[in-house]
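One structure below.
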Amino acid sequence: MIKLLKSPAKIVTVDTDGLNYKRGKDSSKINVLYDHSIVIENNIIKDLIPNSKVGDHTFEKVIDLSGLTILPGLVECHTHTAFAGSRSNEFLMRLKGATYEEIAESGGGIISTVKAVRQSSFEELVRIIKPKINLFISQGVTTLEIKSGYGLSYYDEIKILQVINYFKQTLPINIIPTFLGAHTFPPEYKNDHKKYLKIIIDELLPFIIKNGLAEYVDAFCEKGAFSSEEVDKIFSKAKKLGYKLRLHTEQFNNVGGLDVALKHNSLSVDHLEVISENDITKLSGSDTVAVLLPGVSFFLNYQYAPARKLIDNDIIVALSTDFNPGSSNIPDLHLIMSLAALKMGMSAEEIISGVTINSAKALNMNHEIGSIEIGKHADFAVFDVNDYEDIIYNIGQNLNMMTIKNGEIVYKRNMEN
Ligand code: NIG
Ligand code: FE
């Protein structure tokens, strides 16, 4: 089937000239095409043609996008959307002065969500999580990564991955499951790290990849969670089994996570609120993407990652919500874009690179998605804005009109509302 996305006011291509990422100052060039239409064949971007040439072809379907601005489908590369329960009590405790780390140490935090998830059946989890995914789709997200990490037992980690895989099979966007069994130590192994590591390394890692439940492994390298030595062991085995790696690191303390991530060619290092000058130098020029999560800093009233320094040091920077019930209860990628501008000093162009091609690179999917280039998947977010800056400026308004995945409209805003 040959389709035409006809004459949008602007096409923000985020063109990379085939490089498929935007490093450092390149991230401020996103390229806008005027007076063009997009030809789609078999779910793939076939051509970008001047509007004057549209009459030379015939199309089986034409979608009129007059007056609208089209961007690559947004890529949300770091979420913990697979959770149950609420942590509003912790939110209130923090307002009274308790810190995220204190709450975690006293048995709340991740473990309180683990309790809620363990008590929920597959069906209950599906019912709770689905509307959250739909929120992302309505924002123009066409690829959504979702981590496990609230089961922390053999049975419950697999249950969560099965739920995520159910969405992968039934929802019309890319859902990317990531195994985060190394999120924190569950209460039963709090004093026996070796035993829990053994479950991850000898049981879960082989089972999950063999059964196609996840191709990505993540861990939380932090005081009170996993040490860099423990992450090293997990990553060594995961790499042997063929997993792609990601790492939560340098959120509250620097415990050597970045070194382990770089040693194993991790696709990304995520958080980096407390990254040191020395570690910025190590990351400079590397292929590992810095995934920044300003929603966490906002939600926890905490310091922001040094986005400007990272970009000025030739690092590939991506942005994500980190949507989770404890540190970023914010399933809103547009708000993250606004926070990146207001709180981290990123330009509109750097932000758009960060939620498209660079987040695709954090998933190693940047050759298929993340920019409007010939040969890539026909994934788009269509905004009712005159300029792409308006997405960032209009805080709290979802101006995405239409989400298109593989050339199919998967979300359309009701024009009457
Ligand atoms: O990315 N840092 C670790 N994990 C999550 C928080 C998870 C939670 O608090 O439930 C994060 O911030
Ligand atoms: Fe996270």
State which residue is farthest from ligand 2 (Cβ to nearest atom) when the search covers only the range 295-334 and only residues that are in contact with a Lys or Arg (Cβ under 8 Å, 6 or more places away or on another chain) and of a type in the set (S, T, N, Q).
-> Asn301
Of all residues in the range 106-127, how many are of a type outside the set (Asp, Glu) and without any contact (Cβ under 8 Å) to a residue 12 or more places away in the chain?
-> 3
Residue hits (the range 104-127; part of a helix (DSSP H, G or I) and either assigned by TED's automatic domain parsing to the domain that holds His377 or within 30 Å of Gly354 (Cβ to Cβ) (or both)) are Ala104, Ile110, Thr113, Val117, Leu125
The range 108-127 - residue that is within 16 Å of ligand 2 (Cβ to nearest atom) and of a type in the set (A, V, I, L, M, F, W, C) and, of those, surrounded by the fewest Cβ atoms within 10 Å (Cβ to Cβ) | Ile111
In the range 196-209, is there at least one residue being outside any helix (DSSP H, G or I), more than 16 Å from ligand 1 (Cβ to nearest atom) and surrounded by 17 or more Cβ atoms within 10 Å (Cβ to Cβ)?
-> no
The range 216-231 residues that are over 17 Å from His78 (Cβ atoms), paired with ones that are within 14 Å of ligand 2 (Cβ to nearest atom) and at pLDDT below 95 (beta carbon under 9 Å, 6 or more apart) = Gly224/Ala104
Residues of the range 329-377 being without any contact (Cβ under 8 Å) to a residue 40 or more places away in the chain and within 13 Å of the chain's Cα centre (by Cα), in sequence order, are Ile330
Of the numbered conditions (1) closer than 27 Å to Glu90 by Cα; (2) part of a helix (DSSP H, G or I), Lys309 fails exactly one; give the number of that condition.
-> (1)
Scan Ser359, Ser371 and give me the residue that is closer than 24 Å to Ile49 by Cβ and either of a type outside the set (A, V, I, L, M, F, W, C) or out of contact with any Phe, Trp or Tyr (no Cβ under 9 Å at 6 or more places or on another chain) (or both).
-> Ser371
Unmet criterion (only one of (1) farther than 30 Å from Leu300 by Cα; (2) open to solvent by 10 Å² or more (accessible area, probe 1.4 Å)) for Leu4 | (2)
Residue selected from the range 82-107 under the condition within 16 Å of ligand 2 (Cβ to nearest atom) and among the small types (Gly, Ala, Ser), by the criterion farthest from Tyr302 (Cα to Cα) = Ala82
All strands (runs of 3 or more DSSP E) inside the range 216-299 with 1 or more residues being open to solvent by 40 Å² or more (accessible area, probe 1.4 Å) and on the phi < 0 side of the Ramachandran plot = 244-249
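Before we move on, is Arg94 touching a helix residue (DSSP H, G or I) at 6+ places or on another chain (Cβ under 6 Å), among the basic types (Lys, Arg) and more than 30 Å from Thr13 (Cβ to Cβ)?
no
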If we scan the range 128-139, do we find a residue that is more than 26 Å from Gly354 (Cα to Cα) and either without any contact (Cβ under 8 Å) to a residue 40 or more places away in the chain or crowded, with 21+ Cβ neighbours inside 10 Å (or both)?
-> no
Among the candidates Val32, Val75, Val62, Val54, which residue alone is closer than 30 Å to Asn301 by Cα and among the aliphatic types (A, V, I, L, M)?
-> Val75
Within the range 53-88, residues in contact (Cβ under 8 Å) with a residue 12 or more places away in the chain, within 16 Å of ligand 1 (Cβ to nearest atom) and surrounded by fewer than 14 Cβ atoms within 10 Å (Cβ to Cβ) come out as Ser86
Evaluate the range 172-191: report whether one residue or more is away from ligand 1 (no atom under 16 Å from the Cβ), under 20 Å from Ser268 (Cβ atoms) and of a type in the set (D, E, K, R).
-> no
Only one of Asn265, Asn253 is of a type in the set (S, T, N, Q) and away from ligand 1 (no atom under 16 Å from the Cβ), namely Asn265
Restricted to the range 16-38 and to residues being out of contact with any helix residue (DSSP H, G or I) (no Cβ under 9 Å at 6 or more places or on another chain) and surrounded by 14 or more Cβ atoms within 10 Å (Cβ to Cβ), the residue farthest from Ala290 (Cα to Cα) is Ile38
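The values are calculated or read from the model by the stated rules, or taken from the named source; none is laboratory data. Fair warning: this is a prediction, and the values are worked out from it, not measured in the lab. Glycine gets a Cβ as well: all are built from the backbone with ideal geometry, and neighbour counts include every protein chain shown. Quick note on the areas: whole protein, heavy atoms, side chains included, nothing else; ligands and nucleic acids left out. Shrake-Rupley method; radii C 1.70, N 1.55, O 1.52, S 1.80 Å.
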